[in-house]
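The values are calculated or read from the model by the stated rules, or taken from the named source; none is laboratory data. Quick caveat, the model's predicted, so the values are computed rather than measured. A quick note on method: Cβ atoms are made from the backbone with ideal geometry, for glycine too, and the neighbour counts reach across all protein chains shown.
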Amino acid sequence: MTIYLLLALAVLAVLVIYVYNSLISLKNKCDEAWSDIDTQLKRRYDLIPNLVETVKGYAAHEAGTLEKVTEARNMAMSAKSIQEKETAEKSLAEALKTIFALAENYPDLKANQNFLDLQKTLAEVEDHIQLSRRYYNATARDYNIKIEVFPNNIIAKILTFGKREFFEAAEEEKQNVKVDFKKEEEKK
């Protein structure tokens, strides 16, 4: 009888160790994925002052727009939680759109090689951010599944492993783009 009890305890101990180690592994992957997002966001934040300075040279009287971009960048850099990051990144993306819309009004700026290089680099960084977010969401999904299935959920709860939130697109980004060719033709 004692041998069966010891065997059952040994099996239970191995199960707990296995589940704990796999949870730690996935938790670390989530942390690494989040760090990748931060790295890409930092690259974007580093480009923005150069972009603002380039635009300033051509559109000095657009100071309000440039200030909004700087404020949005600072807000995004100081955001801590995923929800704060999502909100701040949405504001920053909107502010950056206004800068590129400004370029349409300034042909010299639109043709400036420095501006074009910054625009291209920023587009590349945006692609890397998207890939990093997708990787983070995939690892968060795997981690969340791991802590929710039985018997892992019992062990995860005892060891206080919590769910990870997903980095989701803003509602506006989920909407279909509406194209009205009639209005475009009327403008011409």
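Taking the condition of being assigned to a helix (DSSP H, G or I), free of Cβ contacts under 8 Å to residues at least 60 places away in the same chain and either under 24 Å from residue 166 (Cβ atoms) or of a type outside the set (Gly, Ala, Ser) (or both), how many residues in segment 105-115 meet it?
6
Looking at 122, 102, 118, which is the one that is without any contact (Cβ under 8 Å) to a residue 60 or more places away in the chain and farther than 26 Å from residue 164 by Cβ?
So the residue among 122, 102, 118 that is without any contact (Cβ under 8 Å) to a residue 60 or more places away in the chain and farther than 26 Å from residue 164 by Cβ is 102.
In segment 24-66, which residue that is within 21 Å of residue 112 (Cβ to Cβ) and acidic (Asp, Glu) is modelled with the highest pLDDT?
46
Residues of segment 144-165 being touching a residue at least 60 places away in the same chain (Cβ under 8 Å) and under 22 Å from residue 35 (Cβ atoms), which ones?
Of everything in segment 144-165, those that are touching a residue at least 60 places away in the same chain (Cβ under 8 Å) and under 22 Å from residue 35 (Cβ atoms) turn out to be 146, 147, 161, 164, 165.
Confirm whether residue 106 is of a type in the set (Ser, Thr, Tyr) and modelled with pLDDT under 80.
Yes; evaluated as a whole, the condition is true for this residue.
Only one residue in 97, 68, 56, 80 is part of a loop (DSSP other than H, G, I, E, B) and more than 21 Å from residue 156 (Cα to Cα). Which one?
80
Given the structure, is residue 141 part of a helix (DSSP H, G or I), in contact (Cβ under 8 Å) with a residue 24 or more places away in the chain and not aromatic (Phe, Trp, Tyr)?
yes
Out of all the residues in segment 134-151, which are among the charged types (D, E, K, R) and touching a helix residue (DSSP H, G or I) at 6+ places or on another chain (Cβ under 9 Å)?
If the condition is that a residue be among the charged types (D, E, K, R) and touching a helix residue (DSSP H, G or I) at 6+ places or on another chain (Cβ under 9 Å), then 142, 146, 148 are the ones that fit.
Residue check, residue 16 against (1) over 26 Å from residue 125 (Cα atoms); (2) without any contact (Cβ under 8 Å) to a residue 60 or more places away in the chain, all met but one. Which one?
It fails just one condition, (2).
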